[in-house]
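The values are calculated or read from the model by the stated rules, or taken from the named source; none is laboratory data. It should be emphasised that the depicted structure is a prediction, and the values quoted were computed from it without experimental measurement. Heads up, the Cβs are rebuilt from the backbone with ideal geometry, glycines too, and the neighbour counts pull from every protein chain shown. These area figures cover heavy atoms from the full protein model, side chains too; ligands, DNA and RNA do not enter into them. Shrake-Rupley method; radii C 1.70, N 1.55, O 1.52, S 1.80 Å.
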Amino acid sequence: MKKFLKMFFPHDGIYEVLVGTSGIKPIIKPLGIIVEANELRSKIYKSTLTYSNLEKNNKCSIHVTLDTTFFILSMLDKLTFSIDSDYNVPVLKNLNVIYAECMKTSSTDPSIFTINPLDLEINSNLTRAYNRGDYISVDFLVNYTRLDIYKGEDLEKLVRILEYEWSVIKRTSQYTSSLLEEILNKMRSKGFKLD
């Protein structure tokens with residue numbers, strides 16, 4: 001079952017997906033999935049409805065999409081979904097769905113849940129999951145090109161933006177951060193440090 005994961009999660013990192021849970025109240029919310037050596041896990045805060053739902057029903061639906069509209073609508077509680085009869089979790093029928101078991105493996109806050117894929121439903125074109133590090137790297141590159149152009153306060157603001165973007169890239173996509181290492185070396189040679 002785990003061989004299909006590379007279709008959605010092509011390299012180790014943190015991917016943003018929409019996760020459906022039920023137990024207390026069915027919801028679909030954005031959640032980061034940590035992918036490491038074909039293992040999936042997530043950190044979920046105890047104060048969230050997602051956490052409470054998984055305490056009652058440890059099944060979830062993982063929706064893979066690059067369409068930001070779904071993420072926005074989920075935050076506004078405006079997604080229209082149905083309930084899957086086999087796993088009793090909310091699903092968006094027009095997206096690809098991974099059905100999984102979410103087992104709590106730590107009691108810290110946030111708690112760590114290990115995600116064990118159980119089933120897969122293909123409802124749209126295959127697309128990889130959204131990795132913030134991969135996508136923010138384009139903005140990082142655009143901002144990098146401005147280092148020799150900006151001066152004074154504008155340059156200081158730009159460096160703070162680059163520092164933030166680099167921290168996201170390092171945290172969420174080791175693959176992309178290793179590709180950008182040469183650019184970081186060029187920045188260091190100009191006196192800029194982002195680490």
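I'd like the full set of residues that are open to solvent by 70 Å² or more (accessible area, probe 1.4 Å) and of a type in the set (S, T, N, Q), limited to region 143-154. Give the derivation first.
First, the residues of region 143-154 that are open to solvent by 70 Å² or more (accessible area, probe 1.4 Å): 145-146, 148-151, 153-154.
Matches in region 143-154: 145 only.
Residues checked against (1) modelled with pLDDT of 95 or more; (2) farther than 16 Å from residue 66 by Cβ; (3) aliphatic (A, V, I, L, M); (4) in the same structural domain as residue 45 (by the TED database):
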residue	(1), (2), (3), (4)
104	yes, yes, no, yes
123	no, no, no, yes
140	no, yes, no, no
147	no, yes, yes, no
151	no, yes, no, no
Single residue of region 125-142 satisfying the filter (without any contact (Cβ under 8 Å) to a residue 40 or more places away in the chain and exposed (fewer than 15 other Cβ atoms within 10 Å of the Cβ)) that is nearest to residue 59 (Cα to Cα): 125
Residue check, residue 158 under 30 Å from residue 42 (Cα atoms) and touching a residue at least 12 places away in the same chain (Cβ under 8 Å): no
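Considering only residues that are of a type in the set (Lys, Arg) and part of a loop (DSSP other than H, G, I, E, B), which ones fall in region 92-104?
Going through region 92-104, the residues of a type in the set (Lys, Arg) turn out to be 93, 104.
Correct list: 93 only.
Please verify whether residue 145 is β-branched (Val, Ile, Thr) and more than 29 Å from residue 79 (Cβ to Cβ), treating the condition exactly as stated.
Details: β-branched (Val, Ile, Thr): yes; more than 29 Å from residue 79 (Cβ to Cβ): yes.
Spelling it out, residue 145 is indeed β-branched (Val, Ile, Thr) and more than 29 Å from residue 79 (Cβ to Cβ).
Quick grid of which residues meet (1) free of Cβ contacts under 8 Å to residues at least 60 places away in the same chain; (2) more than 12 Å from residue 19 (Cα to Cα):
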{"site": "48", "(1), (2)": "yes, yes"}
{"site": "59", "(1), (2)": "yes, no"}
{"site": "69", "(1), (2)": "yes, yes"}
{"site": "72", "(1), (2)": "yes, yes"}
{"site": "76", "(1), (2)": "yes, yes"}
{"site": "90", "(1), (2)": "no, no"}
{"site": "99", "(1), (2)": "yes, no"}
{"site": "106", "(1), (2)": "yes, yes"}
Within region 69-84, considering residues that are in a loop (DSSP other than H, G, I, E, B) and open to solvent by 70 Å² or more (accessible area, probe 1.4 Å), the one nearest to residue 50 (Cα to Cα): 77
Evaluation of residue 87 against (1) within 14 Å of the chain's Cα centre (by Cα); (2) more than 23 Å from residue 128 (Cα to Cα) (one fails), failing number: (1)
